[in-house]
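Before any comments, here is the structure.
The values are calculated or read from the model by the stated rules, or taken from the named source; none is laboratory data. All values reported here derive from a predicted model rather than from experimental measurement. Reconstructed Cβ throughout: ideal geometry from the backbone, glycine too, with neighbour counts over all protein chains shown. In case anyone asks, the SASA skips ligands and DNA or RNA and just uses the protein heavy atoms, side chains included. Shrake-Rupley method; radii C 1.70, N 1.55, O 1.52, S 1.80 Å.
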Amino acid sequence: MKILISNDDGYLAPGIIALAEALKPIAEIVVVAPDSNRSGSSNSLTLDRPLLVFCADNGFYFVNGTPSDCVHVALTGGFAFKPDLIVSGINQGQNMGDDTLYSGTVAAATEGYLFGIPAIAFSQVEKGWAHVDVAARIAREFVERKLDMLQMPYLLNVNIPNMPYEQIKGLKATRLGKRHESEAVIKTLDPHGRETFWIGPAGKAKDAGEGTDFHAVANGFVSVTPLQIDLTHARQLDVLKKGLL
Ligand code: MN
């Protein structure tokens, strides 16, 4: 098996190093990741400047671009490597509910999925890298599972609680929950006295009921959500068709 690994926290992040170490014994791996933290970059591609690919001492490739750039370059001729699977992460912090739209971790996986390659995004629920070794072990065990029941290609969003291995209750198939709207921006003054704005934290969970990703991780399970990219709202389409007659 050939696996392309990427992330959005950058090629130096403990999550991607742990992930690569965990997958190395079971697959031929190539790591292509952003040169710096690009969390929140969503599916953006860099179109206004050239991309450069560098190789670090540990063999990881790093790119002056976004997670989507990394996977895009790797799949469209930057490397003579045709992966069977894209694995993204392990992200520092959860990507659940509406986070998935902003996530660069999910975006790196999505980029592979758009090229017809199955893809999995892994995130740890809490920031700070506690139990990242456990998350890496779970990622390897998950990659080793037979997922023949899924239609190909699949796109899976996996969130792992930061816990000792023995305390994790298992895997749970989930749907995305929903968050309340984001907290307010944080205003500060810069040294020139100008008002500046930092994007505030994500909103608290709103739909976190049974069956959601939020509910699964809160109860000690690894959440596995199958994603799709077709944004068409089927019911609204039917209403609109009639309304536009
Ligand atoms: Mn991140």
statement: Across Gly220, Gly78, Gly200, the residue with the highest GNM fluctuation in the chain (Cα network, 10 Å cutoff) is Gly200
- prompt: When the distances between all Cα atoms of the range 1-104 are binned every 10 Å from zero, what whole-number percent does each bin get?
  reply: 16, 51, 30, 3
In the range 152-245, the GluC sites (Glu not before Pro) that fall in loop regions by DSSP, at most 10 other Cβ within 10 Å: Glu181, Glu210
statement: Those trypsin sites (Lys or Arg not before Pro) from the range 185-245 that are DSSP loop and have at most 10 other Cβ neighbours within 10 Å turn out to be Arg194
Alpha-carbon gyration tensor eigenvalues x 5, square-rooted, for the chain, Å: 26, 24, 22
- line: Under the helix-only model (-39500 (n - 2.57) for each DSSP H run of 4 or more, divided by the residues of the chain), the mean residue ellipticity at 222 nm, to 500 deg cm²/dmol, is -7000 deg cm²/dmol
message: Could you compute how much accessible surface Phe81 exposes when probed at 1.4 Å, giving the result in Å² to the nearest 10?
response: 20
statement: On each of the three principal axes the extent of the alpha-carbon atoms of the range 106-148, given in whole Å and largest first, is 33, 23, 11
Probe 1.4 Å, accessible area per residue of the range 112-245, Å²: 66
message: Using C-alpha positions alone, give me the convex hull volume of the range 162-240 per residue in cubic angstrom.
response: 182
query: Taking the alpha carbon gyration tensor of the range 115-221, what are the square roots of 5 times its eigenvalues, largest first, to the nearest whole Å?
result: 33, 17, 16
field: Beta bridge orientation in the range 1-157: antiparallel %, DSSP, nearest 5
entry: 15
